[in-house]
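The values are calculated or read from the model by the stated rules, or taken from the named source; none is laboratory data. Fair warning: this is a prediction, and the values are worked out from it, not measured in the lab. These area figures cover heavy atoms from the full protein model, side chains too; ligands, DNA and RNA do not enter into them. Shrake-Rupley method; radii C 1.70, N 1.55, O 1.52, S 1.80 Å.
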Amino acid sequence: MDRAAIEPAIKLLLSEIHTKLTEATRIAKAAEACALAGSIAEGVSVSMDIEQLIYDADRLQAAASLLNRLSGE
């Protein structure tokens, strides 16, 4: 596959990974703040929103990795 055609897609995927993980970080900080304030259950509840973001980032990483491998062939 043509590397020049694939690079913009990889850049977009990496940017989206950054966005997802930045949001996960924001949620993790909020969950930690809840826990430190003594609301452990609320902290865990808040942190549950991280799961989908991490899953999405992992799938995006897999796609970027696959495109990278395909473009190197």
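Residue by residue, the stretch 23-29 carries 3J(HN,Hα) couplings of 5, 4, 4, 4, 5, 4, 5 Hz when phi is fed to the Karplus relation 6.51 cos²θ - 1.76 cosθ + 1.60 (θ = phi - 60°); x denotes Gly or Pro. Across the stretch 7-20, computed HN-Hα scalar couplings (Karplus, 6.51 cos²θ - 1.76 cosθ + 1.60, θ = phi - 60°) run 4, x, 5, 5, 4, 5, 4, 5, 5, 5, 4, 4, 4, 4 Hz from first to last residue, x flagging Gly and Pro. The figure for residue 70 is an accessible area of roughly 50 square angstrom, using a 1.4 Å probe on the protein chains alone. Per-residue Karplus couplings for the stretch 31-44, computed as 6.51 cos²θ - 1.76 cosθ + 1.60 with θ equal to phi - 60°, are listed in order as 5, 5, 4, 4, 5, 5, 7, x, 9, 4, 4, 5, x, 5 Hz, Gly and Pro entered as x.
Averaging the sequence gap over all C-alpha pairs within less than 8 Å and six or more residues apart, then dividing by the number of residues, gives the chain a relative contact order of 48 percent. A value for Rg and Dmax of the Cα atoms in Å was derived from the coordinates, and within the list (i) 12.5, 40; (ii) 12.3, 35; (iii) 16.7, 54 it appears as (iii).
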